[in-house]
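Note sheet for the following structure.
The values are calculated or read from the model by the stated rules, or taken from the named source; none is laboratory data. These numbers were taken from a predicted model, which means no experiment stands behind them. As a convention, Cβ positions derive from the backbone with ideal geometry for all residues, glycine included, and neighbour counts pool all protein chains shown. What goes into the accessible areas is simple: the full protein's heavy atoms, side chains included, and nothing from ligands, DNA or RNA. Shrake-Rupley method; radii C 1.70, N 1.55, O 1.52, S 1.80 Å.
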Amino acid sequence: MAFAVSDELLGTFVPIAVYWLYSGLYIVLDALGTADCYRLHPKEDEETRNIPSKRTVLKGVLLQQAVQVAVSLIVFKITGDGRHDTREQPPAQVIALQFVVAMFAMDTWQYFVHRYLHTNKFLYKHVHAQHHTILVPYAFGALYSHPLEGLLMDTASGAVGFLASGMTPRTAIFFISFGAIKTVDDHCGLWLPGNVFHAVFANNSAFHNIHHQLYGNKHNFSQPFFVVWDKILGTYMPFTLQSREGGGVEARPVKHALAAHEQHKSD
């Protein structure tokens, strides 16, 4: 008897595998030291500026993923949606349109939830601040956050994208996996030449690195694809990339953006 795994279950576990496989590429680059000249921060800053150890971050990410899997399995059990899906896939152009709709829907959800986690002092202190204990981002720390934030931001936004686009569970496997890759890349802490994400998306590792700095804490909330809502609602902090003395590159906010940030603090 053939063992069939539903697309819904694959959509739960495949993105986790993809997350660690893609993170593993950056771990290898780090171990080889071949990407040090493309770092957005000096290598030693990962140890001196970040509060949690990498061991703590590893356990935190695994905990969040375990919680998300548990929630998904409970939902499948209650709704019966863990069964094998037999619907046919739509034409390629329809799938492409569904991807775009899902990306915008996910971005919209994440922008407003993310921004609220910053503006609500209670939620920031007790939930979102955990993610910002990493001032110098690195790949596998992308999902280091409070489990509640993981449900509100990652699990819920994936569901919103899935429902808004009308994609099939099979398409969702690829979409959620793509989102996992993009999230890891945004937190990789590197500005690698030839990185297709940097060429296609203004929302990239340098953009998100600005947000992880103290001066960018109230800016660049968008993730993981576009920067539309930041630009529309005035939270976009423009930046330039400059070579750093001693090697690597640095994302620096442009002067007028930093001046506006300082003025906002004084007000």
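So which residues in segment 226-237 are in a loop (DSSP other than H, G, I, E, B) and either closer than 22 Å to Phe175 by Cα or open to solvent by 30 Å² or more (accessible area, probe 1.4 Å) (or both)? If the condition is that a residue be in a loop (DSSP other than H, G, I, E, B) and either closer than 22 Å to Phe175 by Cα or open to solvent by 30 Å² or more (accessible area, probe 1.4 Å) (or both), then Phe226, Val227, Leu233, Gly234, Tyr236 are the ones that fit. Being more than 24 Å from Leu58 (Cα to Cα) and touching a Phe, Trp or Tyr at 6+ places or on another chain (Cβ under 9 Å) is a condition met by at least one residue of segment 210-219.
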